[in-house]
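Participant: Following this message is one structure expressed as C-alpha cells.
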Amino acid sequence: MSHSKRKQLVFTVKDKCRVCFACVRECPVKAIKIIRSQAEVINERCIGCGNCTIVCSQGAKVFLKTESDVKQILAENEKVIAIVAPSFPAEFTEIEDHRQFVGMIRELGFSHVCEVAFGADMVAREYRKIHDNHSTDRSISSDCPAIVFFIEHYHPNLVDTLAQIASPMVAMARIVRTKYGADSKVVFIGPCIAKKAESDEVDEAITFMELRNLFAQLNLKPENVVPSDFDPPQAGKGSIFPVSRGLLQTANISEDIINENVIVASGRVNFREAVKEFENEKNERQHLELLCCRGCIMGPGMSPGGSRYNRRQNVSNFVRKKLENLDFEEWQKNIDEFSSVDFSEQHEVRDRRIDLPDEADITKILQSIGKAELKDHLNCGACGYDTCREHAIAIIQGLAENEMCLPYAIEKLHESVEELHVSNTNLASTRQALKQSEKLASMGQLSAGIAHELNNPLGVITMYSNILKEEAPENDPIRKDLDLIVEQAARCKKIVGGLLNFARKNQVNLSPTNMTDFLNQSIASVIKPENIEVKFENRIKQPMANVDQDQMMQVLTNLEKNAVEAMPDGGSLKITLEDTKDEIIISISDSGTGISKENMEHIFTPFFTTKGLGKGTGLGLPLVYGIVKMHQGKIDVKSNADPGQGATGTTFIINFPRNLGE
Ligand code: ADP
Ligand code: MG
C-alpha cells in the first residue's frame, strides 16, 4: 500500500467529549489517549477504522472531511472520474433508480461515474488464481485498508502473508486510467474513512455522508437530474462484495469456507481474535478474509441509524436486478480486456508497536489503583480496557490515567467525602471551642479586675464591723446586725477569692452537697414580689452531688434573679431538680418577656444587658457560664419572646456531673 499522503483521519471535538471512554473501548488498536480527562486520537497509532466516530454518542469524534478538496479537483480538471463503492444501495435508499443516483453524481461535475464493483470482479479473479494455484500457503485478504494498516502497524511479522493484490478501489483506479487516460483524476466515493489514506493512486476519497452534503449544496434531487447508467466497464457479481463473506465468496469459491480453510471475520473484536489465532496456530493453507467493520455496509461513512438487515436487503435487491439485466458477453469482454492490468500491490512493515513495560512497573501501577491482588482485578472494562492489567500497561505507556478506573475513582471519592466530613466536624468543634475560650478569657479578665477592686473595701468592712462589734455593749441588739455584716462580708471575700481563682487557674472547691437543701436555700435567698408564684418541682432520686457551694449558689441566684426581673408584671417561676445516675439537671423556667432571637447570641457576652442604666450589669450570665464550665457542665437556653408564637418565657437548663473530682 502506498499512502505517502497519510493524513490524520479522526479528530476529537474537545468541547463535546464527556470522557465516557466508549471510544477507548471500541478502538481496536488503543489509539486513543486520555490526557487530563480528555480523549485525544494518536494519529500514528490510528488505523482509520472510524469505529470511534460511530460509538461516540456526543459527536465528539469526527473524521477528516475532504468534500472541499473534491470540489477543487472538479473545478480544476476536465476529466474527473468518480468510482463508487458497491455499498451505495445501502445508503441511498430513497433513490429508486440507481441511474438517477449516477445522474446526480454527474451533475456535480464528474466526467465519468464508474463502479468499484468491477474492480472487485477483477480482484476476485486474482484471489481465485492464488487459490487455484496454491501459490501462497497462508494469506490474509488485503481489500480492507484498516486491516492492512492493522497488520502493517501491529503484526509486522504477518505483512508477508498479506495478499499482494490491490484493493477493489485501487484496481478500479488502474482500470479507469487504462480506459479513460492516465491523466484522469480519480475520486473514490464509499462508506469508508480509511480509504482516504489508502493509496496515492486515488486523488481523493469521500464518504457517502460527504456526497450527501455535496448534493445538498447544489440542491440536487433525483427527480431533477438526467438519469444515466454507470460508465463502462460495468460490474458483474463484484457488486455483491459488500454483503458477501469476502472476495473469495464473491469469486464463487465457497467449498473452502465449509472446509474451514478460509476463515471469515468482521468487526473490531472478531478480526483481532482471528489475527491472533492465525499468528499462533500455524495451519497450512489457511486464508483469512478480514473486514474491520461488520461488512462495508456498516462503515463509518454511512449515515447513522440504518439497520444491517435492511442495508443487506437493499444491496441484494440491487445486485439481483443488475445481474438479471447484465450483458454477460460484454462483461466477459471487459474482464478479458483488463486482465493485462497489473493488480499487484506491495505492503510494508510499519511497526508502531510499543514495547511492553517491565513486570515490576506494571505491578506498581496496579497497586496504585488498588489492585494489589489478583482478586482485586475486577476487569470491569469501565476504563475502556478489557483488563486491569491492560489499563495499567496503558498508564505506563502514557495512553491512560489512573482516574479512568471507576472502582478506584469511587473509592477515592468516598475517601474524600469521609475526609471532608471529618474536617468539617473538626472545624465546627474548633470554632465552638474558640468561642468558648474567648468568652472564658474575657470572663477571667473581668473577674480578676472585679476581685482585685473588691478585695480592699471588703477587708475594710470586715475590719471595721469587727471593731464596732467589739466596742458595742454585750447585749446591744446592734451586735446581731454587726454579726450579719461580718458573716456576709466574709462570704463576699470568699466569692471574690473564688473569682480570683477562676481567673488564675479555673479552680473549684468541691464539697458533697444535698442538692434539695441547696436549691431550697437558693430560692429563699432571692427576693420575690407577691405577684410571682414560685414552684419547686423536686424529682431527684439521689440528692448528693459534689459542687463548689459558693459558686454554684451564684449560678442559681443569678438565674433566679434574671427570671424574676423578666416578670415585672408577675408570673410563675418554676424550678425543677432532676438527676440521672451520673448527672444533676436543674432547670429554671419563667413566664417572663423571653429573649429575642437577636439577643440570644449575646447573653453570655460580658456587659451585655437589656436592663436600664444602673439596673443591669451584664455580668450575671457570663459568670454563670464560667462556673458551670468549671463544673464540667453544660448550659442550655430555650426562650420565646414572640407572643405570636405562643406563651413567652425562658428556661435555663444546667447539668453537671454528680461525682466531679472523685
Ligand atoms: P443583667 O441581668 O445584669 O442584665 P445578665 O448577664 O444576667 O445581666 O443577663 C444578660 C441579659 O440576658 C439580660 O439583660 C436580659 O436581657 C437577658 N436575660 C437573662 N435572663 C433572662 C430571662 N430569664 N428572661 C429574659 N431575659 C433574660
Ligand atoms: Mg442578671
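Where a number appears in this text, it was derived from the coordinates with a stated rule and is not lab data. Here the structure is a predicted model, which is why all the values come from computation and not from measurement. When we count neighbours, we look across all protein chains shown, and the Cβ atoms used for this are built from the backbone with ideal geometry, even at glycine.
Participant: Determine the relative contact order of segment 65-337: mean sequence separation of Cα pairs under 8 Å and six or more apart, normalised by residue count, in whole percent. The partial results should precede the final answer.
Facilitator: Numbers: 457 pairs, mean separation 79.7, N = 273.
RCO, segment 65-337: 29 percent.
Participant: Would you list Arg268, Arg491 from fewest to most Cβ contacts within 10 Å?
Facilitator: Values: Arg268 19, Arg491 13.
Lowest count first: Arg491, Arg268.
Participant: With 10 angstrom as the radius, rank Ser511, Ser316 by how many other C-beta atoms surround their C-beta, starting from the fewest. Mind showing how you got there, number by number?
Facilitator: Details: Ser511 11, Ser316 16.
In order of increasing Cβ crowding within 10 Å: Ser511, Ser316.
Participant: Run the quick spin-label model on Ala524 and Glu273: label points 7 Å from Cα toward the beta carbon, then report their separation in nm to one decimal.
Facilitator: 9.8
Participant: Calculate how steeply helix 620-630 sits against the longest principal axis of the alpha-carbon atoms of the chain, using the helix alpha-carbon long axis, and give the answer as 0 to 90 degrees to the nearest 10.
Facilitator: The two axes meet at around 70 degrees.
Participant: Taking only Cα atoms, what is the 0 to 90° angle, nearest 10, from helix 168-180's long axis to the longest principal axis of the chain?
Facilitator: It is inclined by approximately 40 degrees.
Participant: Right, something else. I'd like the distance separating the alpha-carbon centroids of segment 108-155 and segment 295-341, in whole Å.
Facilitator: About 15 Å separates the Cα centre of segment 108-155 from the one of segment 295-341.
Participant: Take the Cα of Lys321, step 7 Å along the line toward its Cβ, and report every residue of segment 260-304 whose backbone nitrogen sits under 12 Å from that point.
Facilitator: What the label zone holds, given the 12 Å backbone N cut-off, is no residue at all.
Participant: Neighbour counts of other C-beta atoms within 10 Å: give me Ser111, Ser340 arranged from fewest to most. Could you put the intermediate results ahead of the total?
Facilitator: Working: Ser111 16, Ser340 7.
Going from least to most buried by this count: Ser340, Ser111.
Participant: Quote the FRET efficiency, to the nearest 0.05, computed for Thr93 versus Val62 with a Förster distance R0 of 30 Å and r equal to the Cβ-Cβ distance. The partial results should precede the final answer.
Facilitator: Details: r = 24 Å, r/R0 = 0.80.
It comes to 0.80.
Participant: Let me ask another. Given R₀ = 35 Å, what would the calculated FRET efficiency be for Glu598 paired with Gln38, taking r from the Cβ atoms and rounding to 0.05?
Facilitator: Details: r = 52 Å, r/R0 = 1.49.
Computed FRET efficiency for Glu598 and Gln38 comes out at 0.10.
Participant: Tell me the GluC sites (Glu not before Pro) within segment 271-334 that lie in a loop according to DSSP and have at most 13 other beta-carbon atoms within 10 Å. Write down the numbers at each step before the final one.
Facilitator: Numbers: sites: Glu273, Glu277, Glu279, Glu281, Glu284, Glu289, Glu324, Glu329, Glu330; in loops: Glu281, Glu284.
Passing both the DSSP loop test and the Cβ count: Glu281, Glu284.
Participant: Here is a follow-up. So which trypsin sites (Lys or Arg not before Pro) in segment 559-611 pass both tests, a DSSP loop state and at most 16 other Cβ atoms within 10 Å of the Cβ?
Facilitator: Answer in residue order: Lys581, Lys611.
Participant: Separate question: Using alpha carbons only, how many degrees (0 to 90, rounded to 10) separate the axis of helix 98-107 from the longest principal axis of the chain?
Facilitator: The angle comes out near 80 degrees.
Participant: Compute the length gained on full extension between Ala647 and Asn531: take 0.36 nm times their separation in residues and subtract their Cα-Cα distance, giving the result in nm to one decimal.
Facilitator: Numbers: separation 116, 0.36 × 116 = 41.76 nm, distance 1.78 nm.
Value of the extension gain: 40.0 nm.
Participant: Let me ask another. Can you order the peptides 30-36, 362-368, 219-225 by their average number of other Cβ atoms within 10 Å per residue, highest first?
Facilitator: Working: 30-36: 18.4, 362-368: 16.3, 219-225: 12.7.
Descending mean neighbour count gives 30-36, 362-368, 219-225.
Participant: How far apart, in nm, are the 7 Å Cα→Cβ label points at Lys611 and Gln72?
Facilitator: 9.5
Participant: Please find the FRET efficiency linking Asp517 to Val417, where r is the Cβ-Cβ separation and R0 is fixed at 45 Å, and quote it to the nearest 0.05. The partial results should precede the final answer.
Facilitator: Values: r = 53 Å, r/R0 = 1.19.
Calculated transfer efficiency: 0.25.
Participant: I've got another one for you. Longer than 22 Å from Cα to Cα, which of Lys195/Lys322; Lys237/Lys321; Lys30/Lys375; Lys16/Lys371; Lys615/Lys638 are they? Say none if no pair is.
Facilitator: On the way: Lys195/Lys322 26 Å; Lys237/Lys321 11 Å; Lys30/Lys375 25 Å; Lys16/Lys371 32 Å; Lys615/Lys638 24 Å.
Pairs exceeding the cut-off: Lys195/Lys322; Lys30/Lys375; Lys16/Lys371; Lys615/Lys638.
Participant: Starting from the 7 Å offset along Cα-to-Cβ, what nm value, one decimal, do you get for the label separation of Arg353 and Lys638?
Facilitator: So the label points at Arg353 and Lys638 sit 7.8 nm apart.
Participant: Which loop GluC sites (Glu not before Pro) in segment 557-645, with loop taken from DSSP, have no more than 16 other Cβ atoms within 10 angstrom of their Cβ? List each step's numbers first, then the result.
Facilitator: Working: sites: Glu560, Glu565, Glu578, Glu583, Glu598, Glu601; in loops: Glu601.
Qualifying residues, ordered by number: Glu601.
Participant: Given a cut-off of under 8 Å on Cα pairs at least six residues apart, what relative contact order in percent is computed for segment 511-657?
Facilitator: Values: 268 pairs, mean separation 34.7, N = 147.
After rounding, I find 24 percent.
Participant: For the chain, what is the largest minus smallest coordinate of the Cα atoms on each principal axis, given in angstrom and ordered from greatest to least?
Facilitator: Dimensions of the chain along the principal axes of its Cα atoms: 158, 59, 43 Å.
Participant: What relative contact order, as a whole-number percentage, does the chain give when Cα pairs under 8 Å and 6 or more residues apart are counted?
Facilitator: Details: 1089 pairs, mean separation 78.3, N = 662.
RCO, the chain: 12 percent.
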